[in-house]
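Chemist: Structure in structure tokens, see below.
Bear in mind these aren't lab numbers, they're just calculated from the coordinates by the rules spelled out. Note that the structure is predicted; figures quoted are calculated from it, not measured. Quick reminder, even Gly has a Cβ in these numbers, built from the backbone with ideal geometry, and neighbours come from all protein chains shown.
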């Protein structure tokens, strides 16, 4: 019986770790994505930091990435930049890879 309980605890711990890593990767990805957009909009360092945090917060509006994409696309277009949803999605994917590599390197 203890083998089963040990396996169950190990699975629960793995699940919790995986969920934590997913959250951390997504938050870092959004911060990197915000920095990318801030650079395109030529924001100051202080404004860029605040904007990156705002992008991280935008991800809590709804499940999935659509809230982040909508924010970035709207802000970039409002700033007068010629961009597309495809460009924002490509940047999102690139920053996800960068965030995953950075966090896996820390582990």
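Chemist: At what distance in nm do the modelled label points of residue 89 and residue 4 sit from each other, each positioned 7 Å from its Cα along Cα→Cβ?
Modeler: That separation, rounded to one decimal, is 4.6 nm.
Chemist: Another question, then. When N counts the residues of the chain, how does its alpha-carbon radius of gyration compare numerically with 2.2 N^0.38 Å, as a ratio?
Modeler: 1.34
Chemist: When only alpha-carbon atoms count, how far does region 45-107 stretch along each of its three principal axes, as whole angstroms with the largest first?
Modeler: 40, 28, 23
Chemist: Within region 25-54, what residues put their amide N at less than 18 Å from the label point 7 Å along the Cα-to-Cβ vector of residue 82?
Modeler: 40-42
Chemist: Run lengths n ≥ 4 of DSSP H only: what is the helix-derived mean residue ellipticity at 222 nm for the chain, with -39500 (n - 2.57) per run over all residues, to the nearest 500?
Modeler: Calculated at 222 nm, the ellipticity per residue is -28500 deg cm²/dmol.
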